Amino acid sequence: MLLFTKRIDVREEDIFSELHHFLLRKNNRYLTNDEVVSLTGVSSDLLYKWVKTGKLKKSIFPNLGAPCERCGQITQAKICVSCSSTIVSTLKQEEKDRAWFNQIQRNHPRASTYHYK
């Protein structure tokens, strides 16, 4: 089983090496994911994997991306702009709710009195 896994890894590394060489040509640096897949035949899953792990650097190949970890839309970052803004607004609302709850707790009439039974 281990030999089979190593063969796959070696083949994958060979594919990566050829793809990287292809992408480093001047005109190919600005290809998108779809264009790379159609021109080279490399699976989009492998391409996404290499972009996510940093083997294909976004600074060198600016039009390559990977799926957003939240919604699946192709993006340059781990999370797309839409999901990022949604998360930020949710966190802001949560902070407002927490402040409101704390304000109610402090102003509640029984909060500062001691009651006997």
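The values are calculated or read from the model by the stated rules, or taken from the named source; none is laboratory data. The structure presented is a predicted model; accordingly, all values stated were derived computationally and were not measured. Please note: Cβ atoms are built from the backbone with ideal geometry, for glycine as well, and neighbour counts cover all protein chains shown. Note: accessible area is taken over every heavy atom of the protein model, side chains too, but ligands, DNA and RNA are not part of it. Shrake-Rupley method; radii C 1.70, N 1.55, O 1.52, S 1.80 Å.
List of remarks:
- Hits in segment 87-108 (condition: over 27 Å from C71 (Cβ atoms) and either part of a helix (DSSP H, G or I) or modelled with pLDDT of 90 or more (or both)): A99, W100, F101, N102, Q103, I104, Q105, R106, N107
- If you go through segment 34-56 and keep only what is buried (at least 18 other Cβ atoms within 10 Å of the Cβ) and not β-branched (V, I, T), you end up with L47, W50, L56.
- S84 fulfils the conditions (1) assigned to a loop (DSSP other than H, G, I, E, B); (2) without any contact (Cβ under 8 Å) to a residue 12 or more places away in the chain; (3) on the phi < 0 side of the Ramachandran plot except for a single criterion, (1).
- Tally of residues being closer than 13 Å to L31 by Cα, within 14 Å of the chain's Cα centre (by Cα) and open to solvent by 50 Å² or more (accessible area, probe 1.4 Å) across segment 58-89: 1
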